[in-house]
Amino acid sequence: PRGEGDARDDFDAQLATWEQSAWGNVAAALGLELAPAEAAGTSRLTVEVVAGPDAGARDDGHGTRPMRVAVNRELHSKTGPFASERSTRHIELELPAGVSYRAGDHLGVAPRNPDALVARVAARFGLDPGSHLLLRRDGGRAGFLPVGAPIALARLLGEFVELQDVASRRHIETMVEHTECPWTRPRLAALAADEARYRDEVAARRKSVLDL
């Protein structure tokens, strides 16, 4: 049966429940024996501190370009006969030279983490925001990470890493894999295992990995 999930709720739990039956059905139908899943903490990414400077202008492999917001107005009104508490905005952008648009094209926005949050991460892990790193990946897709070229730590955390998302249960499971503290580890494990506790203490309070 098709699985359904709500991204505003405990999506990981909904997915895990569906996967338990889905993979078993697939294996049975094809006469295969399922291999154990790869450990949550497994990573093919290596990080090395190197001499700078970084590569210069932002280059994430997706051709991002700066654009000026020319118009930004709210379409809903909180008063009058059609009062609404929702928010929908009409936004117009000035395209830079060499960029064209056709009906049906999509616009992707590359966000940036606040400088204060980047400084908080650096302070928490004893890192120098001015240091430069070289990321390498052993096979697989690099995604949005800038691999193969030196980059300043502050820029890496500011432009390429999501620091504000709510920690998923899979994120917490990875934290459990790497946590040695005998007091902290069982508390994290409980958050990952107990759906109600995760929803109340993490999702509802919008706790990030850094918060935990």
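Give the range of the longest stretch in the chain that excludes all chymotrypsin sites (Phe, Trp or Tyr not before Pro) found in loop regions by DSSP and having at most 14 other beta-carbon atoms within 10 Å. Longest site-free region, per DSSP loop and neighbour criteria: 1-81. Within the accessible surface of the stretch 146-189, defined with a 1.4 Å probe on protein heavy atoms only, the carbon and sulfur portion equals 54 percent. For Leu188, the accessible area of its heavy atoms, probed at 1.4 Å with every protein chain present, is near 10 square angstrom. Computed from label points 7 Å out along Cα-Cβ, the spacing between Ala190 and Val161 is 2.9 nm. Using a probe of 1.4 Å, the accessible surface attributed to Arg185 totals some 100 Å² when neighbouring protein chains are kept in position.
What's the longest uninterrupted piece of the chain once you rule out the GluC sites (Glu not before Pro) that are loop residues per DSSP with at most 12 other Cβ within 10 Å?
Answer from the scan: 86-161.
What is the extension gain from Asp105 to Asp128, computed as 0.36 nm multiplied by their sequence separation minus the C-alpha to C-alpha distance, in nm to one decimal?
Full extension from Asp105 to Asp128 adds 4.3 nm.
Hey, got a sec? Which trypsin sites (Lys or Arg not before Pro) in the stretch 112-185 land in a DSSP loop and have at most 14 other Cβ atoms within 10 Å?
Arg112, Arg141
Per residue, the chain exposes 74 Å² of solvent-accessible protein surface, assessed with a 1.4 angstrom probe and all protein chains in place. Calculated from the alpha-carbon coordinates, the stretch 143-192 shows an Rg and a Dmax of 14.5, 39 Å respectively. Estimated from the Cβ-Cβ distance and a Förster radius of 22 angstrom, the FRET efficiency linking Leu95 and Leu145 is about 0.20. Projected onto their three principal axes, the Cα atoms of the chain cover extents of 59, 55, 41 Å, largest first.
The spread of Cα positions in the stretch 106-204, taken along each principal axis and listed from longest to shortest, comes to 40, 38, 33 Å.
The values are calculated or read from the model by the stated rules, or taken from the named source; none is laboratory data. Fair warning: this is a prediction, and the values are worked out from it, not measured in the lab. Cβ: placed from backbone, ideal geometry, glycine included. Neighbour counts: every protein chain shown. Protein only, heavy atoms only, side chains kept; ligands, DNA and RNA dropped before computing areas. Shrake-Rupley method; radii C 1.70, N 1.55, O 1.52, S 1.80 Å.
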